[in-house]
Amino acid sequence: GAKAGRTGVGYYRPGAEVDTLLRLDMIESLRAALGTGQIEVHYQVKVDLGSGSPHGVEALVRWRHPTRGLLAPDAFVPLAEQAGLMRKLTIEVLELALAQCRRWRDGGVDMTVAVNLAASDLLDRAFPEQVRGLLQQYGLPPSALEVEITETTLMRDLVRSAAVLDELRELGVKIAVDDYGTGYSSLAYLQELPVDILKLDKSFVTRLEDGSERRRQKAEAIVRSTIGLAHALGLRIVVEGVDSASVLAKLRSYGCDLAQGYFLGRPRPATELTATLSALGHQ
Ligand code: C2E
Ligand code: CA
Ligand code: CA
Ligand code: CA
């Protein structure tokens, strides 16, 4: 404001005001960035522990900001939600991911792609129809697409979310519960919602090798019983955050279906991933 005085290095502003201006500036540049090629998708492989082959990839959004460089989702996904830009962002990610899936399939690599959804996507009754249109446009079977939804997102409005999820499921799209175990984990929604896959949050896996023996035993009990629960419900389970060979070996011995993490591959642009995918496939 007018009272802001000179500090010797520039104009002084209370921190909150700077934050607000920065946020508004970021929102405006994000709005302008959508649809211009600044939004990119990196892919992280999910490995089938039974066969050792890649099962698919998760699409993770990045923003190649003209001056700030490559931004991680934490830096702009919450802003997109606040500013009502999430639908456009989700559709752009979906379109990039499905186009890439098509290219992999054309090259003989049969990948599924998983796309993260936000709360607002699940409240929009027109969303499933848009998904159907995009799958058709790229000539992909609906089973090539998985959507990942966190428990917290689901719980935002369970009744309305269920309607959209039911329609996606009817198309043949697979539904995964992301960050499982960190939100309001409830057995009731596993009973009610059309879920195909549980994705156990990386915090539990980290604790398999972290801290005291007692803590490790607890983590092992949680991981093993979640794998058991998923299987008893007829669901597949993905464990994320697998960042060492020893964790991978443990998960294999627990009967885990799929694993994802830095040890198996960091998120990479599609062009850099294609080699990894064929290498894993021939392991
Ligand atoms: P997430 O869905 O839980 O995605 C996994 C995150 O864990 C990714 O971070 C990934 O890089 C990271 N990760 C993978 N393996 C390891 C590992 O071994 N160790 C550790 N410490 N971390 C690992 P990223 O890409 O920064 O994504 C962060 C979050 O942003 C995602 O968490 C997801 O909730 C959100 N997000 C990403 N892309 C999208 C999108 O297109 N739409 C929406 N709505 N959200 C997205
Ligand atoms: Ca995810
Ligand atoms: Ca997750
Ligand atoms: Ca997460």
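The values are calculated or read from the model by the stated rules, or taken from the named source; none is laboratory data. Keep in mind the model is a prediction, meaning the values are calculated, not measured. As a convention, Cβ positions derive from the backbone with ideal geometry for all residues, glycine included, and neighbour counts pool all protein chains shown. We work out accessible area using only protein heavy atoms, side chains counted, and drop any ligands, DNA or RNA first. Shrake-Rupley method; radii C 1.70, N 1.55, O 1.52, S 1.80 Å.
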Problem set entry | Meets criteria (within 16 Å of ligand 3 (Cβ to nearest atom), open to solvent by less than 10 Å² (accessible area, probe 1.4 Å) and in a helix (DSSP H, G or I)) for Val242 | no
Problem set entry | Subset of segment 20-41 [buried (at least 20 other Cβ atoms within 10 Å of the Cβ) and closer than 15 Å to Gln100 by Cβ] | Ile39, Val41
For this session: Considering only segment 227-242, state which residues are within 16 Å of ligand 2 (Cβ to nearest atom) and either over 19 Å from Glu192 (Cα atoms) or in contact with a Gly (Cβ under 7 Å, 6 or more places away or on another chain) (or both).
Result: Val238, Val239, Glu240, Gly241, Val242
Exercise. So, of the residues in segment 182-224 that are over 19 Å from Leu258 (Cβ atoms) and basic (Lys, Arg), which turns out to be nearest to ligand 2 (Cβ to nearest atom)?
Worked result: Arg207
Exercise. Has segment 225-236 got at least one residue that is surrounded by 16 or more Cβ atoms within 10 Å (Cβ to Cβ) and outside any helix (DSSP H, G or I)?
Worked result: yes
For this session: Look through segment 169-197, keep the residues that are within 16 Å of ligand 3 (Cβ to nearest atom) and among the polar types (S, T, N, Q), and return whichever of them is modelled with the lowest pLDDT.
Result: Ser185
Exercise. What are the residues in segment 64-78 that are open to solvent by less than 50 Å² (accessible area, probe 1.4 Å) and assigned to a strand (DSSP E or B), if any?
Worked result: His65, Gly69, Leu71
Exercise. For residues in segment 152-163 being closer than 22 Å to Ile222 by Cβ and more than 12 Å from ligand 1 (Cβ to nearest atom), which is most open to solvent (accessible area, probe 1.4 Å)?
Worked result: Met155
For this session: Report yes if Asp166 is open to solvent by less than 50 Å² (accessible area, probe 1.4 Å) and either of a type in the set (D, E, K, R) or within 16 Å of ligand 3 (Cβ to nearest atom) (or both), otherwise no.
Result: no
Problem set entry | Qualifying position, being within 18 Å of the chain's Cα centre (by Cα) and assigned to a strand (DSSP E or B), among Leu198, Leu168 | Leu198
Exercise. Within the set of pairs 6+ apart or on separate chains, which have a first residue in segment 171-185 that is buried (at least 16 other Cβ atoms within 10 Å of the Cβ), a second that is among the aromatic types (Phe, Trp, Tyr), and C-beta atoms under 7 Å apart?
Worked result: Gly181/Phe204
For this session: Return only the number of the condition from (1) out of contact with any Pro (no Cβ under 7 Å at 6 or more places or on another chain); (2) outside any strand (DSSP E or B) that Glu148 does not satisfy.
Result: (2)
Exercise. Does any residue in segment 64-77 that is in contact (Cβ under 8 Å) with a residue 12 or more places away in the chain come within less than 8 Å, Cβ to Cβ, of a residue that is among the polar types (S, T, N, Q) and away from ligand 4 (no atom under 15 Å from the Cβ) six or more places away or on a different chain, and which pairs are these?
Worked result: Arg64/Gln38; His65/Ser29; His65/Gln38; Pro66/Ser29; Pro66/Gln38
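Looking at segment 119-151, which of the residues that are free of Cβ contacts under 8 Å to residues at least 60 places away in the same chain and among the acidic types (Asp, Glu) is surrounded by the fewest Cβ atoms within 10 Å (Cβ to Cβ)? If you could, list the steps in order and put the result at the bottom.
Here is the first cut: in segment 119-151, the ones free of Cβ contacts under 8 Å to residues at least 60 places away in the same chain are 119-145, 147, 149-151.
Add one more test, that the residue is among the acidic types (Asp, Glu), and what stays is 121, 124, 129, 151.
Details: Asp121: 25, Asp124: 15, Glu129: 12, Glu151: 19.
Step by step, filter segment 119-151, then rank; the result is Glu129.
I'd like to verify a number: residues in segment 79-91 that are within 9 Å of ligand 1 (Cβ to nearest atom) and open to solvent by 20 Å² or more (accessible area, probe 1.4 Å), how many?
Summing the residues that are within 9 Å of ligand 1 (Cβ to nearest atom) and open to solvent by 20 Å² or more (accessible area, probe 1.4 Å) in segment 79-91 gives 1.
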